[in-house]
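Here's the structure we're looking at; comments come further down.
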Amino acid sequence: MTHLRILLLALSGALVTASAPLVLHGTFRDAPPPAHTGGFGEPTCHACHVGSDLNDARGALDITVPDYYTPGASYGIRVRLKHPEMMAGGFQLSIRDASGAQAGRFVMDTASTGVTTLNGIAYVHHRRVSASTNTDSIVWTFDWIAPDRAGSVTIHSAANAANDDASPLGDFVYAESAVVNGRAHGTPVSVPGTIKRPH
């Protein structure tokens with residue numbers, strides 16, 4: 001496994017629509033609306049949550065993914081959102097093939113995460129039980145069952161480190177993506193953007 005500390009891609013969008021802002025204090029604390037990962041033309045949560053630049057340097061969105069995948073194998077995925085002013089947090093993540101179709105499937109191993117499906121795409125996300133925090137970080141874990149065939153898959157994720165003031169103001173939004181290749185012939189992982197690989 002490779003721990004990817006992404007110094008994140010500047011994507012725009014929202015975990016919600018402009019007419020229904022994500023306030024983790026309210027409706028979307030249990031699950032964000034689907035299709036807001038920043039991938040394949042989707043928005044992230046930054047279009048709605050305002051008051052700071054995307055990918056504020058004081059925080060981070062860390063995602064643990066495999067170096068490569070073997071078709072049909074199961075992999076643990078770990079999402080960690082961190083910011084010193086975070087009082088509540090949420091995320092959404094998808095894994096798709098090069099055409100934008102669903103790649104593999106998700107299996108939840110705790111009550112802290114759930115899956116919502118829209119137009120054939122599965123979006124894994126936070127649940128109410130894991131949205132609040134009294135520390136500066138939240139960790140979510142789940143399993144991903146790789147597709148039956150080797151190929152390139154793309155992980156897109158958006159996350160919101162919120163101040164939990166029941167408004168879209170003063171929150172800190174992060175977005176990240178990575179590409180993982182199937183191990184048909186030992187192909188290594190390929191990750192766009194700037195990454196940090198701890199030893």
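Nothing in this text is a laboratory measurement; each read-out follows from the coordinates by a stated rule. This structure is a prediction, so every number in the text was calculated from the model and none was measured. Here the Cβ positions follow ideal geometry from the backbone for every residue, glycine too, while neighbour counts run over all protein chains shown.
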Query - Whole-Hz ³J(HN,Hα) from phi, Karplus 6.51 cos²θ - 1.76 cosθ + 1.60, for the range 75-88, glycine and proline x - result: 9, x, 10, 10, 10, 10, 10, 9, 6, x, 9, 6, 10, 8
Report summary line: Highest mean packing first, using Cβ neighbours within 10 angstrom, the peptides 80-91, 49-60, 151-162 sort as 151-162, 80-91, 49-60
Report task. Give the long-range amide H neighbours of Gly182: residues separated by 5 or more places, or on another chain, with amide H under 5 Å away, using H modelled in the peptide plane at 1.01 Å from N. Result -> Tyr69, Gly151, Ser152, Val153
Query - Distance-filtered residues of the range 95-121 - backbone nitrogen under 13 Å, label point 7 angstrom along Phe40 Cα→Cβ - result: 95-105, 117-121
